[in-house]
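The values are calculated or read from the model by the stated rules, or taken from the named source; none is laboratory data. Because the structure is predicted, anything quoted here is derived from the model rather than measured. Glycine gets a Cβ as well: all are built from the backbone with ideal geometry, and neighbour counts include every protein chain shown. Please note that ligands, DNA and RNA were not included when accessible areas were found on the heavy atoms of the full protein model with its side chains. Shrake-Rupley method; radii C 1.70, N 1.55, O 1.52, S 1.80 Å.
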Amino acid sequence: MAETHKARRDLMSDAPYGEYGRTATEIVTPEGVVLPFINASFGERLGALIIDLIIVVLAPIVIFIAWVILPGDQMNSDTTASAIFQIAIIALMFFLRSGYFMFFEMGPKAATPGKRLMKLRVIAHDGGRLTPAAVFTRNAMREVELYLPLTLAGAGMAAQNSLGWLALIWALGVLLLPLFNRQHARLGDYFAGTRVVHMPRAKLSYDLADLDSDRRLGLTFTAAQLAYGEMELGVLEQVLRERKVPVMKAVADKIKARIGWQEPKNPADVPRDEDFLRAYYSALRAHLEARMLLGRRRKDKHDPALS
Amino acid sequence: MADPDPASQSPASRTPQSKPALQLKSQKFREAREGDWRALNGALDRAERQGLGGFSIDELLNLPVLYRQAMSSLSMAMAISLDRNMVVYLQSLSARAYVYIYGPHSRLKDVPADFFGKAWPQSVRRLTTELWLAFAALMAGILIGWLLCAGDSSWYDVFVPASQADGRDLSASAQSLRETLGSGPKDTALSPFAVFLMTHNTQVSIMCFALGAIFGLPTLMLLIQNGISLGAMLWLFARKGLGFEFGAWLTIHGTTELFAIIIAGACGFHIGRRLMFPGEATRMASLSQAGRLTGTVMIGVALMLTVAGCLEGIGRQTITDSLVRIAVGAVMLVLWLAYFLMVGRKAKTDG
């Protein structure tokens, strides 16, 4: 049991953005730094696609309703205005079908409104610039992946023939392709050499380790008592940042039991759970970081202790 | 619990009491660089909201410096710090800065010169074989359409359904056919119909390209099919002695439009070929190379089709003389050929 756990756990730096259980695409930037990007999950990609399709489908309907409600008689009587209006409608339909995705992905955010909502964006797989050509290709492929099979499937279903089923299988096969690769890339991504990644925003919080005030409290730990690894340190950090009293009490009790902590005799000297945990966090981090500088790391408590 | 020897105790417990500020190495590291990170974060926030327009020269010059500092901070932090919040922050900051600095936006400014001067004609030249294949497919289609209709005129209704014929059917008289080649019923220069044709053609060419992903076969079929209906119409007009006029009517925009469709077909063939025969590269690398090459070409194809649409919408409505129409078409063809064959060739210094 312990063995399987050990195999699944990673060093903190292996978990991209501190999010355990997600895979990352490592991009080597032109400076030669390896930068991990979290692969967008299939659910996120599907969500973004559905939002975008809703926009693409709803926009003409809204405009049509507006056209019906607005005083249309003058519009229809005036032939020039009517012609211009028709041109605008044709151009808009074309934009929505072929240009919508390309336009937004060529912009500075490299994401359609749906992708922006899901905190996704498109990047070039080789670490270079995302070129307009790549954006064009990945979106032109939507014709084969989405529009054509769905149109054929719709027509085939209406006509009740086997072509419809064939087209539906084709559409499903291509649509589900992101499920069968680690980076959740679709066909257009392969052709364009792009990937869709999830980009969360992180805030820089305060540093939890405060050795000075810990020293004033007089809490010290022996090396044998610092019996955890980087994985547990990360969890402890999370607990301390969330500051939930019952959680902190439970964690403090567990640690005290494990390290054989003896409470001071005088009840006034017994530290609050939070103070105890912060002191323990600082001491553990100091211990692990000092070893880390020498190239010795401890993944988690199942690893052999560092001397 | 054995009493540990002093050397292995944590630094916190053995630092002398007299030292004023007690800090970990990772904390000193953070203190020294935090200001720069926050400056980069602020600059990115501003740039993402309003672009680089409001930046002073100094701020602009400072941006890449801050970016590189954040990058080096990240690799440093991964090696010395276990402060997860800080490492996560640096990862996300570096990633944001990276996609901003290497994002697509700055590209759009220097794109036109590079695109028209080098990338587009060079990419088109790399598709020579596929271009000949697409050209042959279209020509074969025209020939098939003509010959089948000439052999049995009932084929015409199959190739050009009544819904698309728009009065150009078998029963049409020479007079009514001639009218379809005129300046059109509406004299508006850019009629909705012309815009419709333009967007429709672009759609067809995108389809022609994307279908190449299914091993190029649908692209071949699409090209031949388009050729067949063209050949059938050509036969219809020629039968009534209007072949020359129809040719002129077609040529004025057709040299640009058909050229564009041939190029789109060539792009489709190219991705189909690289999918099936990746050569020495891995299939994935081969696909992304092919995709980028053809993507560049296809952006150009969309522009070509816009030019064709303008010629069709404006030129064909205002120019009604057949000879002038042919002349305009021929000039366009020569211009395109000269452009694709000559622009962006490098002087051969490395040979």
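In units of 2.2 N^0.38 Å, what is the alpha-carbon radius of gyration of region A:12-198? Before the final figure, lay out each step's value.
Working: Rg = 20.2 Å, N = 187, 2.2 N^0.38 = 16.1 Å.
Relative to the rule-of-thumb radius for its length, region A:12-198 sits at 1.26.
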Report task. Please list, in chain and number order, the residues 5+ apart from A:Ile27 or on another chain whose amide H is under 5 Å from its amide H, with Hs placed from the backbone. Result -> A:Leu35, A:Phe37
**Report entry** Rounded to whole Hz, the Karplus (6.51, -1.76, 1.60) HN-Hα couplings of region B:48-64, x for glycine and proline
**Finding:** 5, 6, 10, x, 8, x, x, 7, 7, 4, 4, 5, 5, 5, 6, 4, x
Query raised in the report: Accessible surface of B:Val99 in the full protein assembly, 1.4 angstrom probe, to the nearest 10 Å²?
Result: 10
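Average partner chain C-beta neighbours within 10 Å, per residue of B:131-139? Display every interim value, and only then the final one.
Details: counts 0, 0, 0, 0, 0, 0, 0, 0, 0.
Neighbouring Cβ atoms belonging to other protein chains average 0 per residue here.
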Report summary line: The helix B:192-210 Cα axis meets the longest alpha-carbon principal axis of chain B at an angle in degrees, between 0 and 90 and rounded to 10, of 60
Report task. Would you mind pulling out the separation of the Cα centroids of region B:214-270 and region A:184-224, in Å? Result -> 59
Query raised in the report: In whole Å, what are the Cα extents of region A:211-293 along the three principal axes, biggest one first?
Result: 38, 25, 24
Report task. Could you sort the residues of region A:173-191 by number and keep only those whose accessible area is reduced by 30 Å² or more in the all-protein-chain setting relative to the chain alone, 1.4 Å probe? Result -> A:Tyr190, A:Phe191
Report summary line: Net charge near B:Gly309 (other residues with Cβ under 12 Å of its Cβ; Lys, Arg +1; Asp, Glu -1) is -1
**Report entry** 3J(HN,Hα) from dihedral phi, region B:95-101, Karplus parametrisation 6.51/-1.76/1.60, rounded to Hz, x for glycine, proline
**Finding:** 5, 4, 5, 4, 5, 6, 5
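Can you work out the accessible area per residue across region B:24-103, with the rest of the protein chains kept in place, probe 1.4 Å, in square angstrom?
Numbers: 3300 Å² over 80 residues.
Per residue, region B:24-103 has 41 Å² of solvent-accessible surface.
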Query raised in the report: How high is the FRET efficiency between A:Ile169 and A:Ile54 when r is their beta carbon distance and R₀ equals 22 Å, given to the nearest 0.05?
Result: 0.30
**Report entry** Neighbour cut-off at most 16 other Cβ (10 Å), DSSP loop, chymotrypsin sites (Phe, Trp or Tyr not before Pro), region A:167-258
**Finding:** A:Tyr206
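First select every other residue whose beta carbon is under 14 angstrom from the beta carbon of A:Thr29; then total the charges, Lys and Arg +1, Asp and Glu -1. Before the final figure, lay out each step's value.
Details: positive: A:Arg129, B:Arg68, B:Arg96; negative: A:Glu26, A:Glu31, A:Asp126.
Every neighbour counted, the sum reads 0.
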Query - Estimated vicinal HN-Hα couplings, Hz - region A:269-276 in sequence order (Karplus 6.51, -1.76, 1.60; Gly, Pro = x) - result: 8, 5, x, 5, 4, 5, 4, 4
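Suppose all protein chains stay in the model; what accessible area per residue would a 1.4 Å probe give for region B:115-165, in Å²?
55
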Query raised in the report: Peptides A:157-163, B:119-125, B:340-346: what's the order by average Cβ count within 10 Å, highest mean first?
Result: B:119-125, B:340-346, A:157-163
Query raised in the report: So which trypsin sites (Lys or Arg not before Pro) in region A:168-205 pass both tests, a DSSP loop state and at most 13 other Cβ atoms within 10 Å of the Cβ?
Result: A:Arg182, A:Arg201, A:Lys203
**Report entry** Sum of -39500 (n - 2.57) over DSSP H runs of 4+, divided by residues of the protein assembly as shown (222 nm, nearest 500)
**Finding:** -20500 deg cm²/dmol
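Looking at region A:143-212, what % of the alpha carbon pairs are farther apart than 19 Å?
Numbers: 1328 of 2415 pairs.
Of all Cα-Cα pairs in region A:143-212, 55 percent lie more than 19 Å apart.
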Report task. Sorted from largest down, give the three principal axis spans of the alpha carbons of chain B, whole angstrom values. Result -> 110, 48, 46
Query raised in the report: Percent of accessible area on region A:211-293 owned by carbon and sulfur, 1.4 Å probe?
Result: 55
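How big is the B/A interface in buried accessible area, both sides summed, 1.4 Å probe, to the nearest 100 Å²? Each step should come with its number before you reach the end.
Details: alone 20660 and 18980 Å², together 32010 Å².
It comes to approximately 7600 Å² buried between B and A.
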Query raised in the report: Between B:Ala338 and A:Ile84, what is the FRET efficiency for a Förster distance of 25 Å, r being their Cβ-Cβ separation, to the nearest 0.05?
Result: 0.10
Query raised in the report: R0 = 25 Å: FRET efficiency of B:Ser173 with B:Thr318, Cβ-based, nearest 0.05?
Result: 0.45
Query raised in the report: How many partner chain Cβ atoms sit within 10 Å of a residue's Cβ in peptide A:211-220, on average, as a whole number?
Result: 3
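If eta is 1.002 mPa s and T is 20 °C, what Stokes-Einstein diffusion coefficient results for the protein assembly as shown, Kirkwood Rh from Cα pairs, in µm²/s? Mind dumping the intermediate values first?
Working: Rh = 29.7 Å.
D = 72 µm²/s.
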Query raised in the report: Which trypsin sites (Lys or Arg not before Pro) does region A:212-293 hold that lie in a coil by DSSP with at most 16 other beta carbons within 10 Å?
Result: A:Arg243, A:Lys244, A:Lys265, A:Arg272
Report summary line: Here the net charge surrounding B:Met276, from other residues whose Cβ is less than 14 Å away from its Cβ (Lys, Arg +1; Asp, Glu -1), is +2
